[in-house]
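The values are calculated or read from the model by the stated rules, or taken from the named source; none is laboratory data. The structure displayed is predicted, hence computed values, not measured ones. For neighbour counting, all protein chains shown are included, and Cβ atoms are generated from backbone atoms with ideal geometry for every residue, glycine included.
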Ligand SMILES: [Zn+2]
């Protein structure tokens, strides 16, 4: 059966271009509502800082049956950190996020950049799954099991989902098990802000409508909606059976 994983990187608005948090205040509640109405589960990769600032909202993630994952402590890039800084950031984020959910095993680095040499540190901090690779840009990564960490690449970038549905729905049908990723700020109208065009086009209601169309299209294909943890453990089982 085909499966799909929807992931949300929960952070300030369009980092590092903005520091506002309208996505947290307006976008995240809309996403939680949509997933509740559609009765689907998703994985939310949250930064430690946003979890500290928006405790009531972050509480809802595990409460409503979604997976809580880690997106670093701040949105600083891990590929620009020294080993010790990486360890501190992972530990700080883990400490905050485990107050919301004792089970915290999935990770995605900001900007989808996490050097392989740091995977051991993820393992040391209790993580099992990493979704910091991208399948849609070079080197077009595929899922891999490296040491204990299973790496599941994101396959569909968020701006792709803001194109007209007539374009993205047929393309999605060709993907066996897409890992979609979006951000709460995309569900707030960002069109008037001085940010890159690919960050702001079709943000707001249109983006929400598109996500709903994607969910409905996946349902008509009888897709299973898996969290990243569910998806990764499935891949690990298949990998070990090879
Ligand atoms: Zn991010």
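Some observations on this one:
- Top-ranked residue in segment 156-176 [being modelled with pLDDT of 90 or more and outside any helix (DSSP H, G or I); ranked as farthest from the ligand (Cβ to nearest atom)]: 164
- Restricting segment 220-229 to residues that are assigned to a helix (DSSP H, G or I) and in contact (Cβ under 8 Å) with a residue 12 or more places away in the chain, the residue that is farthest from residue 170 (Cα to Cα) is 229.
- Looking at 40, 49, just one residue is more than 11 Å from the ligand (Cβ to nearest atom) and part of a helix (DSSP H, G or I), and that residue is 49.
- Filtering segment 57-78 to residues that are touching a helix residue (DSSP H, G or I) at 6+ places or on another chain (Cβ under 7 Å) and buried (at least 24 other Cβ atoms within 10 Å of the Cβ) leaves 58, 67, 68, 69, 70, 71, 72.
- Leading residue by the ranking (farthest from residue 51 (Cα to Cα)) among those in segment 62-111 that are more than 13 Å from the ligand (Cβ to nearest atom), touching a strand residue (DSSP E or B) at 6+ places or on another chain (Cβ under 7 Å) and in a helix (DSSP H, G or I): 62
- Within the set 50, 24, the sole residue that is in contact (Cβ under 8 Å) with a residue 40 or more places away in the chain, in contact with a strand residue (DSSP E or B) (Cβ under 7 Å, 6 or more places away or on another chain), buried (at least 21 other Cβ atoms within 10 Å of the Cβ) and over 18 Å from residue 126 (Cβ atoms) turns out to be 50.
- Checking each residue in segment 194-212 for being surrounded by fewer than 18 Cβ atoms within 10 Å (Cβ to Cβ) and outside any helix (DSSP H, G or I) picks out 194, 195, 196, 201.
- Considering (1) buried (at least 17 other Cβ atoms within 10 Å of the Cβ); (2) modelled with pLDDT of 90 or more; (3) out of contact with any helix residue (DSSP H, G or I) (no Cβ under 7 Å at 6 or more places or on another chain), the lone condition that residue 235 does not fulfil carries the number (2).
- When residues in segment 126-143 are screened for being more than 14 Å from the chain's Cα centre (by Cα), modelled with pLDDT of 90 or more and more than 14 Å from residue 105 (Cβ to Cβ), 0 of them pass.
- Residues in segment 122-142 that are away from the ligand (no atom under 16 Å from the Cβ) and surrounded by 20 or more Cβ atoms within 10 Å (Cβ to Cβ): 3 in all.
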